[in-house]
Amino acid sequence: MEPEDHLFRRESGRIVAALTRVFGVHNLALAEDVVQDAFCRALEVWKFRGMPENPSAWLMTTAKRRALDVLRRERTAREFGPELSRWIDSEWTLVPMLDEMLGPAAVKDDLLRMMFSCCQPRLPEEAQVALVLNILCGFSVDEIAAAFLATAAAIEKRIGRAKKVLAGSKALFDLNAGDVAARLDAVYRALYLLFNEGFHGASSEGAVRAELCHEALRLARALLEHPATATPVTHALCALMCLDAARLPARLNAAGELTSLFDQDRSRWDARLITEGLAHLEQSASGSVLSEYHVEAAIASYHATARRADETDWGQIVGLYDMLLTLRPSPVVALNRAIAVGQHRGPEAGLAAIRAIQDSARLERYPFYAAALGEMELRCGRASAACEHFRCALELARNPAERRYLDLKIADCGAFGGDVMIPPRRIVVET
Amino acid sequence: MSEFLFLYRSTIDSGRPSADESQKRMQAWMNWLKELGEKGHIKNTGQPLDVTGKVVRNHGKTITDGPFAEAKEVVLGYTLVEARDLAQAAELSKGCPILQGDGVVEVRPVMGM
């Protein structure tokens, strides 16, 4: 039997969460050690004997044995989880209790409870995202640093601090508590940021970025498995992630170059994800809450269902961006709106919309702000102005793929040898 | 065909591989052993060995916990392979994933008649 992709990564989050309920959140490091140990054992044994019939159960059983050793050895010295404390002293109660707590029925909710614990509002959002990746997705510090273009030391510090804050509460977040709804917003936000880091982030490696998107989607789907968290907004978030992630396979062309939404080979979009996304979008349309995720999912659905770039309904998309701006005002949203305006009403209108962006100073370091100006100027036939903007963007480019993309743009400007009208193309920049 | 024992030796890994790294390493081993098997070189896949243990010396008067902490390289497992000769056996060992790290494969002919 072949191990499925990311089996260890998926099991890591599940088992760490379950053990943390047993040991208490203050003993998170101990839970992580036990899981590490179980993985090392699996690595050694499986490579000689092959995969067991049910690898998830094998890993959980191995972790449970090891946990039992730890509990027996340290039950007098250490304080464990609140749910276990009454049962821990006697072997009569310890073993059945542990069997129960690590049984399939109980473990089902632990991943979600850990997710809610990580999205503790006292932590900065970037720390929440790092925690989710580390604890629930089994990413090492180095892997997180690579994904965020940060140093390992910085990430180590961020996670270390965040874990100290987590340790302040002994029990995992209680999904039956009244404040699920309030915390759920923070969970959405963290998963959304995780997804966006993959979709728009600075890391140059396509594979790393796609993994972040898929992890975010996996966790968002997990929210649908519990009645308290399977809300219309959760469906909207899943829809948005599916529909955007569907385009990932086409973002780099055969030559490994960054390809805009306009030039992408749409036959390479993931049809299965589009179908799933549209189904979630349909299920999101109930209840009274219209979230920003609903609106973004709707925008993504217009792209996903346009067979060709020039069949896109830009009028609808501009309207949705207007709505998104009232729900979540941000210069990046305004920039995307301006690009849609440029498609809908022409490049001069697009330029005017870009110039009208409030807080545009916050976009100064974002390479695709200058690139969007360049695109509009180029479409207006002002190649030299466009070239200036692309050069600015090039200075800010964050990785080789972006630099290559902008180099090609600058070459485009030169190819027209001056200010002439050129046909509209490659307008929407999707990074 | 003659038999050879592959002894996999490595320092005890104190690093913490991530979930995906662990899985990749495992996959590499499984692929390698599978390939050897398909070419008909595997007599017995062998077993992994725990790094704990006892060392008995001095007519049994001295029993210590494994010398593994001080030992530079510990045997972590073994496989019994079949090959034409020692040269071919050594050639076969080259694909072993343990060589990607600081581990070694010791190739030892099983003594014949």
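The values are calculated or read from the model by the stated rules, or taken from the named source; none is laboratory data. Just so we're clear, the structure is a prediction, and the values are computed from it rather than from any experiment. Methodologically, a virtual Cβ is constructed for each residue, glycine included, from the backbone with ideal geometry; neighbour enumeration extends over all protein chains shown. Areas reflect the complete protein model, heavy atoms only, side chains present, ligands, DNA and RNA absent. Shrake-Rupley method; radii C 1.70, N 1.55, O 1.52, S 1.80 Å.
So, residue A:344, is that one open to solvent by 40 Å² or more (accessible area, probe 1.4 Å), over 19 Å from residue A:300 (Cβ atoms), in contact (Cβ under 8 Å) with a residue 12 or more places away in the chain and assigned to a helix (DSSP H, G or I) or not?
Considered against the rule, which asks whether it is open to solvent by 40 Å² or more (accessible area, probe 1.4 Å), over 19 Å from residue A:300 (Cβ atoms), in contact (Cβ under 8 Å) with a residue 12 or more places away in the chain and assigned to a helix (DSSP H, G or I), residue A:344 comes out as no.
With the checklist (1) away from chain A (no Cβ under 14 Å); (2) closer than 30 Å to residue A:215 by Cβ; (3) among the small types (Gly, Ala, Ser) in hand, flag the one item residue B:93 doesn't pass.
Checking residue B:93 against (1) away from chain A (no Cβ under 14 Å); (2) closer than 30 Å to residue A:215 by Cβ; (3) among the small types (Gly, Ala, Ser), the one that fails is (2).
Which residue, of A:59, A:43, is within 11 Å of another protein chain (Cβ to nearest Cβ), in contact with an Asp or Glu (Cβ under 6 Å, 6 or more places away or on another chain) and buried (at least 18 other Cβ atoms within 10 Å of the Cβ)?
Values: A:43 fails: in contact with an Asp or Glu (Cβ under 6 Å, 6 or more places away or on another chain).
Unique residue meeting the criteria: A:59.
Among the residues of segment B:1-60, write down those that are aliphatic (A, V, I, L, M), without any contact (Cβ under 8 Å) to a residue 40 or more places away in the chain, within 11 Å of another protein chain (Cβ to nearest Cβ) and touching a helix residue (DSSP H, G or I) at 6+ places or on another chain (Cβ under 8 Å). It would help to see each step written out before you state the result.
We begin by selecting, within segment B:1-60, every residue aliphatic (A, V, I, L, M); these are B:1, B:5, B:7, B:12, B:19, B:26, B:28, B:30, B:33, B:36, B:42, B:49, B:51, B:55-56.
From the residues that got through so far, the ones that are without any contact (Cβ under 8 Å) to a residue 40 or more places away in the chain too are B:19, B:26, B:30, B:49, B:51, B:55-56.
Next, only the ones that are within 11 Å of another protein chain (Cβ to nearest Cβ) stay: B:19, B:26, B:30, B:49, B:51.
Answer for segment B:1-60, where residues must be aliphatic (A, V, I, L, M), without any contact (Cβ under 8 Å) to a residue 40 or more places away in the chain, within 11 Å of another protein chain (Cβ to nearest Cβ) and touching a helix residue (DSSP H, G or I) at 6+ places or on another chain (Cβ under 8 Å): B:19, B:26, B:30, B:51.
Here's a check for you: in segment A:409-431, which residue that is hydrophobic (A, V, I, L, M, F, W, C) and assigned to a helix (DSSP H, G or I) is modelled with the lowest pLDDT? Full working, then the answer.
Step one: list which residues in segment A:409-431 are hydrophobic (A, V, I, L, M, F, W, C), which gives A:410-411, A:413, A:415-416, A:420-422, A:427-429.
Filter once more, keeping what is assigned to a helix (DSSP H, G or I): A:410-411, A:413, A:415.
Numbers: A:410: 92, A:411: 90, A:413: 87, A:415: 69.
Within segment A:409-431, the match that is modelled with the lowest pLDDT is A:415.
Taking segment A:349-366, which residues are more than 23 Å from residue A:394 (Cα to Cα) and modelled with pLDDT of 95 or more?
Of everything in segment A:349-366, just one residue is more than 23 Å from residue A:394 (Cα to Cα) and modelled with pLDDT of 95 or more, namely A:349.
Starting from residues that are crowded, with 21+ Cβ neighbours inside 10 Å and assigned to a loop (DSSP other than H, G, I, E, B), keep the ones in segment A:124-172 and report whichever is nearest to the other protein chains (Cβ to nearest Cβ).
So, considering only residues that are crowded, with 21+ Cβ neighbours inside 10 Å and assigned to a loop (DSSP other than H, G, I, E, B), the one nearest to the other protein chains (Cβ to nearest Cβ) is A:138.
Please report, ordered by residue number, the helices (runs of 4 or more DSSP H) entirely within segment A:1-87 with at least 3 residues that are of a type in the set (Ser, Thr, Tyr). If you could, list the steps in order and put the result at the bottom.
Working: elements: A:7-23, A:28-49, A:55-74.
Filter on segment A:1-87 gives A:55-74.
Looking at this structure, is residue A:199 surrounded by 19 or more Cβ atoms within 10 Å (Cβ to Cβ) and under 23 Å from residue A:106 (Cα atoms)?
On the way: surrounded by 19 or more Cβ atoms within 10 Å (Cβ to Cβ): yes; under 23 Å from residue A:106 (Cα atoms): no.
Spelling it out, it is not the case that residue A:199 is surrounded by 19 or more Cβ atoms within 10 Å (Cβ to Cβ) and under 23 Å from residue A:106 (Cα atoms).
Please pick out the residue among A:299, A:274 that is hydrophobic (A, V, I, L, M, F, W, C), assigned to a helix (DSSP H, G or I) and within 22 Å of residue A:371 (Cβ to Cβ).
So the residue among A:299, A:274 that is hydrophobic (A, V, I, L, M, F, W, C), assigned to a helix (DSSP H, G or I) and within 22 Å of residue A:371 (Cβ to Cβ) is A:299.
Take the residues in segment B:20-77 that are in a strand (DSSP E or B), among the polar types (S, T, N, Q) and within 15 Å of residue A:50 (Cα to Cα); name whichever of them is least open to solvent (accessible area, probe 1.4 Å).
B:45
Can you tell me which residue among A:352, A:371 is open to solvent by less than 50 Å² (accessible area, probe 1.4 Å) and small (Gly, Ala, Ser)?
Unique residue meeting the criteria: A:371.
Do the conditions hold for residue A:23, that is, is it under 30 Å from residue A:217 (Cβ atoms) and more than 14 Å from chain B (Cβ to nearest Cβ)?
Against the criterion (under 30 Å from residue A:217 (Cβ atoms) and more than 14 Å from chain B (Cβ to nearest Cβ)), residue A:23 qualifies.
Can you tell me how many residues in segment A:377-408 are assigned to a helix (DSSP H, G or I) and either hydroxyl-bearing (Ser, Thr, Tyr) or free of Cβ contacts under 8 Å to residues at least 40 places away in the same chain (or both)? Spell out the reasoning first.
Pass one, segment A:377-408, residues assigned to a helix (DSSP H, G or I): A:377-379, A:383-396, A:400-408.
Filter once more, so that each one left must be either hydroxyl-bearing (Ser, Thr, Tyr) or free of Cβ contacts under 8 Å to residues at least 40 places away in the same chain (or both): A:377, A:383-396, A:403, A:405-407.
Counting residues in segment A:377-408 that are assigned to a helix (DSSP H, G or I) and either hydroxyl-bearing (Ser, Thr, Tyr) or free of Cβ contacts under 8 Å to residues at least 40 places away in the same chain (or both) gives 19.
Run down A:23, A:39 and say which single residue is modelled with pLDDT of 90 or more, of a type outside the set (A, V, I, L, M) and in contact with a Gly (Cβ under 6 Å, 6 or more places away or on another chain).
A:23
Which residue pairs have Cβ atoms under 7 Å apart, sit 6 or more places apart or on different chains, and have a first residue in segment A:188-214 that is at pLDDT 90 or above and a second that is outside any helix (DSSP H, G or I)?
Here the result reads A:190/A:119, each pair linking segment A:188-214 to a residue that is outside any helix (DSSP H, G or I).
Which pairs do you get when a residue that is more than 18 Å from residue A:183 (Cβ to Cβ) and touching a residue at least 24 places away in the same chain (Cβ under 8 Å), found in segment A:218-244, comes within reach of a residue that is among the hydroxyl-bearing types (Ser, Thr, Tyr) and not in a helix (DSSP H, G or I), reach meaning Cβ atoms under 6 angstrom, with the pair 6+ apart or on two chains?
Listed by first residue and then by second, the contacts come to nothing, as the list is empty.
Check whether at least one residue in segment A:280-292 is of a type in the set (A, V, I, L, M, F, W, C), open to solvent by 40 Å² or more (accessible area, probe 1.4 Å) and out of contact with any Ser or Thr (no Cβ under 9 Å at 6 or more places or on another chain), and report yes or no.
Yes - at least one qualifying residue is present in segment A:280-292.
Mind listing whichever residues of segment B:102-113 are open to solvent by 50 Å² or more (accessible area, probe 1.4 Å) and in a loop (DSSP other than H, G, I, E, B)?
B:102, B:110, B:111, B:112, B:113, listed by residue number.
Working carefully through the options A:348, A:375, find the one that is among the acidic types (Asp, Glu) and farther than 23 Å from residue A:403 by Cα.
That would be A:348, the only listed residue that is among the acidic types (Asp, Glu) and farther than 23 Å from residue A:403 by Cα.
Name the single residue, out of those in segment A:223-258 being more than 22 Å from residue A:291 (Cβ to Cβ) and in contact with a Ser or Thr (Cβ under 9 Å, 6 or more places away or on another chain), that is surrounded by the fewest Cβ atoms within 10 Å (Cβ to Cβ).
Quick first cut of segment A:223-258, residues more than 22 Å from residue A:291 (Cβ to Cβ) only: A:248-258.
If we keep only those that are in contact with a Ser or Thr (Cβ under 9 Å, 6 or more places away or on another chain) too, we end up with A:250-253, A:258.
Working: A:250: 18, A:251: 20, A:252: 15, A:253: 13, A:258: 22.
Checking each candidate, the answer is A:253.
Restricting attention to segment A:284-323, which residues are free of Cβ contacts under 8 Å to residues at least 40 places away in the same chain and under 15 Å from residue A:233 (Cα atoms)?
A:288, A:290, A:292, A:295, A:298, listed by residue number.
Among the residues of segment A:116-123, is any open to solvent by 20 Å² or more (accessible area, probe 1.4 Å), within 26 Å of residue A:229 (Cα to Cα), in a helix (DSSP H, G or I) and not aromatic (Phe, Trp, Tyr)?
No - not one qualifying residue is present in segment A:116-123.
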